[in-house]
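All remarks here apply to the structure that follows.
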Amino acid sequence: MGKPYNISSAQLAEQIASHLKAQKLFYILPNPKFSRDDFALPDTVHLSDDGNIPAMTLGEAEQILKMNADQNCLQDQKARLLPLLELAQTACKNGVQRVHILDGNLDGILPCEIFSGIGSGTMVYNNGYGDLRAMQAQDIPSVLSLMSPFVQKGILLARTEAQLKEQLDNYIVYNVDGGIHACAALKFYGDLTQAEICAVAVDPSYGNMGVGPKLIN
């Protein structure tokens, strides 16, 4: 007869994902929520409308773990989520691109997370997820499409493809998996001593991830 071992499924998942260098690792459990009601959180994190952290960097995950290390982990949310957050941090350090902590009470949560642009739960990601870069000519159709809803609402001025080509060097974009999800421009005036931040647009799916402030900064 073999010898039985008690192995944590969460730790096993992290180890497998790390060895495979998986793009994504999913943890699914009831009502996971990183909110200020249950956790000490750094001021830099951005919260969704329901008070949850939709996404955090490795650095932010490390901050949260340190800030809550000496606190009472008998509290349900901390006892459940801090060990998962530590595993998520380890997985990302070992090469996993993203770790998603999702609410298993929501119907279809896994396919929605994989196939939809609208995420849920909390994502922990390494520095390889999403990048700000200079806009390129091939990005212009995507940028115009991104701006369109804001133009229709009167939030942004309408811009043409020709204008964007002419001002190409003024623009930066936020790129995720080859898709453009935010943009902004810095327009200089006169002797270049004055400038205007303009054409700021963020995909609503990324609205609570702090992308806008990153563009401005």
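The values are calculated or read from the model by the stated rules, or taken from the named source; none is laboratory data. A quick note: this is a predicted structure, and the numbers were derived from the prediction, not measured. Cβ atoms come from the backbone with ideal geometry, glycine included; neighbour counts cover every protein chain shown.
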**Prompt:** Which residue pairs have Cβ atoms closer than 6 Å, lie 6 or more positions apart in sequence or on different chains, and pair a first residue in the range 96-112 that is under 14 Å from residue 123 (Cα atoms) and of a type in the set (A, V, I, L, M) with a second residue that is modelled with pLDDT under 90 and crowded, with 16+ Cβ neighbours inside 10 Å?
**Reply:** 101/121; 102/109; 102/121
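Whether any residue in the range 196-215 is outside any strand (DSSP E or B), more than 22 Å from residue 46 (Cα to Cα) and without any contact (Cβ under 8 Å) to a residue 40 or more places away in the chain is what I want to check. Talk me through it step by step, then tell me what you get.
From the range 196-215, those outside any strand (DSSP E or B) are 203-215; that's our starting set.
This time we only want the ones that are more than 22 Å from residue 46 (Cα to Cα), so: none.
No, the conditions are met nowhere in the range 196-215.
Of the residues 123, 147, which is under 26 Å from residue 23 (Cα atoms) and aliphatic (A, V, I, L, M)? Show your work before the answer.
Numbers: 147 fails: under 26 Å from residue 23 (Cα atoms).
Matching residue, one of 123, 147: 123.
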**Prompt:** Got a sec? Which strands (runs of 3 or more DSSP E) wholly within the range 93-162 have at least 3 residues that are surrounded by 18 or more Cβ atoms within 10 Å (Cβ to Cβ) and not β-branched (Val, Ile, Thr)?
**Reply:** 98-103
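Condition test on residue 22, is it within 23 Å of residue 177 (Cβ to Cβ), in contact with a strand residue (DSSP E or B) (Cβ under 6 Å, 6 or more places away or on another chain), touching a residue at least 60 places away in the same chain (Cβ under 8 Å) and not assigned by TED's automatic domain parsing to the domain that holds residue 210? It would help to see each step written out before you state the result.
Numbers: within 23 Å of residue 177 (Cβ to Cβ): yes; in contact with a strand residue (DSSP E or B) (Cβ under 6 Å, 6 or more places away or on another chain): no; touching a residue at least 60 places away in the same chain (Cβ under 8 Å): yes; not assigned by TED's automatic domain parsing to the domain that holds residue 210: yes.
Spelling it out, it is not the case that residue 22 is within 23 Å of residue 177 (Cβ to Cβ), in contact with a strand residue (DSSP E or B) (Cβ under 6 Å, 6 or more places away or on another chain), touching a residue at least 60 places away in the same chain (Cβ under 8 Å) and not assigned by TED's automatic domain parsing to the domain that holds residue 210.
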**Message:** From the list 180, 172, exactly one residue is in contact with an Asp or Glu (Cβ under 6 Å, 6 or more places away or on another chain), surrounded by 16 or more Cβ atoms within 10 Å (Cβ to Cβ) and touching a residue at least 40 places away in the same chain (Cβ under 8 Å). Which is it?
**Reply:** 180
**Message:** Checking the structure you have, find out if any residue of the range 67-85 is in contact with a Cys (Cβ under 6 Å, 6 or more places away or on another chain) and of a type in the set (A, V, I, L, M, F, W, C).
**Reply:** yes
**Message:** It is to be established whether one or more residues within the range 184-191 are within 29 Å of residue 45 (Cα to Cα), out of contact with any helix residue (DSSP H, G or I) (no Cβ under 9 Å at 6 or more places or on another chain) and exposed (fewer than 11 other Cβ atoms within 10 Å of the Cβ).
**Reply:** no
**Fill in**
Checked the range 27-84 for anything under 27 Å from residue 95 (Cβ atoms), of a type outside the set (Val, Ile, Thr), assigned to a helix (DSSP H, G or I) and touching a residue at least 24 places away in the same chain (Cβ under 8 Å); matches are 58, 61, 62, 65, 67, 80, 81, 83, 84
**Request:** Look through the range 121-170, keep the residues that are hydroxyl-bearing (Ser, Thr, Tyr) and within 26 Å of the chain's Cα centre (by Cα), and return whichever of them is farthest from residue 25 (Cα to Cα).
**Result:** 148
**Complete:** Picking from 41, 20, 29, the residue that is modelled with pLDDT of 90 or more, among the hydrophobic types (A, V, I, L, M, F, W, C) and loosely packed, with under 13 Cβ neighbours inside 10 Å would be 20
